[in-house]
């Protein structure tokens, strides 16, 4: 009887471990000034803050990013910062060096602003499928972003990267 | 027979290519900072010359001056690597378009005041100061222009800002008219689709304005340069 109770308790303990969830927020932020020049309008600067927020859920043997989004905004409270498009070009998740088959919905990106109105760019990427990986592996998420404004020629690169290990 | 067809195809392709060549060159849209600093040196020299105001053409009755055409032509050749022929065409077309759009913005009461433009210019100054590399480039440009930082942000760039953002406000008003007429959907946060819809609509309206600009040449030499 004691043996059976012991076994049952061990089983329950293992079961609880398997379903145990540790959730944590992972995030990374950067600020980049994109610069451009036009023979008509001279030298312009667009300072853009970009952030990534993800919810990392860790099970006993696996981990997953359950929800995440990318947020970007041009600094400055008013419309007078000029205009441009800022958009996400790719989102990659790797387990060690293996690229995971990641699903995200590019169509849901709210990225392009064309008018001199307040510029807050929200990029939502909801992914779950294919992001499951062993806890023993080092995960990495990389988000590639790009800026464009057809009135200006780019000085330097108009691309930006956000990267986070987990 | 087949040879003739190949020649015809080649001619058609060449015509098509020449039609798009100027805009294609401009839309390559990458500039080298060293070329921009050279361009700034040219702007500095030009600023020190006497303001002669020789009118060589008009666009819908608005004056296009020799000096501004020559300056922008030189800048386009340095930064965008256009040849002289393309540069003249591109600059005269661009100047005519911007002057007409700016006048429309003024007439519709959309032009920014100098105070608003100063505020916008100083906002850019704040932005650039938070990025070391960007600040380094910016300060090299200001130096090449022969200006102090204060002169640049509170005088020189204010004029560029005032003109550019006034035209952007005109574009905004064009979109608003489209919304009022039910052509464009009212959107709070744009998706890729709505953004494209807005852009296509504004581009169409601006192209229509551009197509109706009448450029009249006073100086025959510039007419030749434009039509070549």
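Okay, residues lined up against (1) surrounded by fewer than 21 Cβ atoms within 10 Å (Cβ to Cβ); (2) within 15 Å of the chain's Cα centre (by Cα); (3) closer than 24 Å to residue B:165 by Cβ; (4) outside the structural domain of residue B:156 (by TED's automatic domain parsing):
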| residue | (1), (2), (3), (4) |
| --- | --- |
| B:87 | no, yes, no, no |
| B:95 | no, yes, yes, no |
| B:103 | yes, yes, yes, no |
| B:106 | yes, no, yes, no |
| B:129 | yes, no, yes, no |
| B:135 | yes, no, yes, no |
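One line per residue, one yes/no per condition, for (1) under 16 Å from the mean Cα position of the chain (by Cα); (2) surrounded by fewer than 18 Cβ atoms within 10 Å (Cβ to Cβ); (3) under 27 Å from residue B:169 (Cα atoms); (4) not assigned by TED's automatic domain parsing to the domain that holds residue B:209:
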position: B:44; (1), (2), (3), (4): no, yes, no, no
position: B:47; (1), (2), (3), (4): no, yes, no, no
position: B:55; (1), (2), (3), (4): no, yes, no, no
position: B:113; (1), (2), (3), (4): no, yes, yes, no
position: B:121; (1), (2), (3), (4): no, no, yes, no
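Among the residues making up the stretch B:137-146, a single one is surrounded by fewer than 17 Cβ atoms within 10 Å (Cβ to Cβ) and not in a helix (DSSP H, G or I): B:146. Here residue B:194 passes the criteria (1) closer than 30 Å to residue B:68 by Cβ; (2) surrounded by 14 or more Cβ atoms within 10 Å (Cβ to Cβ); (3) out of contact with any helix residue (DSSP H, G or I) (no Cβ under 7 Å at 6 or more places or on another chain) except the one numbered (1).
Condition check: away from chain A (no Cβ under 13 Å) and either in contact with a strand residue (DSSP E or B) (Cβ under 9 Å, 6 or more places away or on another chain) or in a helix (DSSP H, G or I) (or both). Does residue B:85 satisfy that? So residue B:85 fits the description; yes.
Checked against the criteria, residue B:184 counts as within 13 Å of chain A (Cβ to nearest Cβ) and in a loop (DSSP other than H, G, I, E, B).
The values are calculated or read from the model by the stated rules, or taken from the named source; none is laboratory data. Bear in mind that the values here come from a model prediction, so they are computed numbers and not experimental data. Every residue, glycine as well, gets a Cβ built from its backbone with ideal geometry; the counts of neighbours run over all protein chains shown.
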